[in-house]
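Structure, as structure tokens:
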Amino acid sequence: MSATPPAPSRRVRLQRRALRLEYATIAWNLGEAVFTVSLGVAAGSLALIGFGTDSVIGVFASSVVVWHIRPEHTTEDAVRTRRALRLVAIAFIALAIVLGVVSIRDLLLGRRADESVVGIVYLAVTAVIMFSLAVAKRRTAVELGSAPLRSEASMTFLDGILSTLTMTGLALNAVLGWAWADPAAALVVAIAAAREGRANLIEADEISSSD
């Protein structure tokens, strides 16, 4: 995090940059949710449906950050920051529970999804975009001194990792016929989301204890 708070004029510029990054993330994730869930339903792919669900969670997390860094908030407020971190944590944990249940069910049942070449290509593009947004958000968060933005940048980076894992699972299913690869990719999403949610709750509690 930034060692010293930025000057007021610099803070305003950083807030505007952060808002542009979050609006771009929201726009992409909204389109991504509709597209990947539609592809997932057509192909019977839990990984694609799970990835689309993750996109909806991402919209919620980005909206929390937008609320937290609105221009009228000229300083970092511990109560507001703590609340934002906990809201993002709840989103992560909800995603982990849903994906964990359905992925374990599909692993036990051995259900195989149909191939989705379009989904594989789309996920590759998504990975590049998410990694790029995550780096830009992280740099802005450090300079701005915003814990929720930093946490949401980690979520965006995780989205990049998850899109790569989901793409790999779909590719293995399509090329090698590994039916377990699709739900296994969704299970990795669930585990990663749970870890991120726990980390956010711990950070929120640390803010509470330091007040």
Taking residue 130 and the conditions (1) modelled with pLDDT of 90 or more; (2) among the hydrophobic types (A, V, I, L, M, F, W, C); (3) farther than 16 Å from residue 17 by Cα; (4) surrounded by fewer than 21 Cβ atoms within 10 Å (Cβ to Cβ), which numbered condition does it fall short on, given that it satisfies the others?
-> (4)
Close pairs (7 angstrom Cβ cut-off, 6 or more residues apart or separate chains): over 25 Å from residue 170 (Cα atoms) in the range 12-38, among the acidic types (Asp, Glu) and part of a helix (DSSP H, G or I) anywhere | 14/143
Expected single match for out of contact with any Leu (no Cβ under 8 Å at 6 or more places or on another chain), modelled with pLDDT under 90 and closer than 15 Å to residue 20 by Cβ among 146, 154 is 146
Could you give me the residue pairs with C-beta distances under 6 Å whose first residue belongs to the range 146-163 and is over 12 Å from residue 61 (Cβ atoms) and assigned to a helix (DSSP H, G or I), whose second residue is modelled with pLDDT of 85 or more and among the aromatic types (Phe, Trp, Tyr) wherever it lies, and which are 6+ apart or on separate chains?
-> 160/131
Selection count, the range 172-187, where residues are in a helix (DSSP H, G or I), touching a helix residue (DSSP H, G or I) at 6+ places or on another chain (Cβ under 7 Å) and surrounded by fewer than 19 Cβ atoms within 10 Å (Cβ to Cβ) = 1
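The values are calculated or read from the model by the stated rules, or taken from the named source; none is laboratory data. This structure is a prediction, so every number in the text was calculated from the model and none was measured. All Cβ positions, glycine included, derive from the backbone under ideal geometry; neighbour counts span all protein chains shown.
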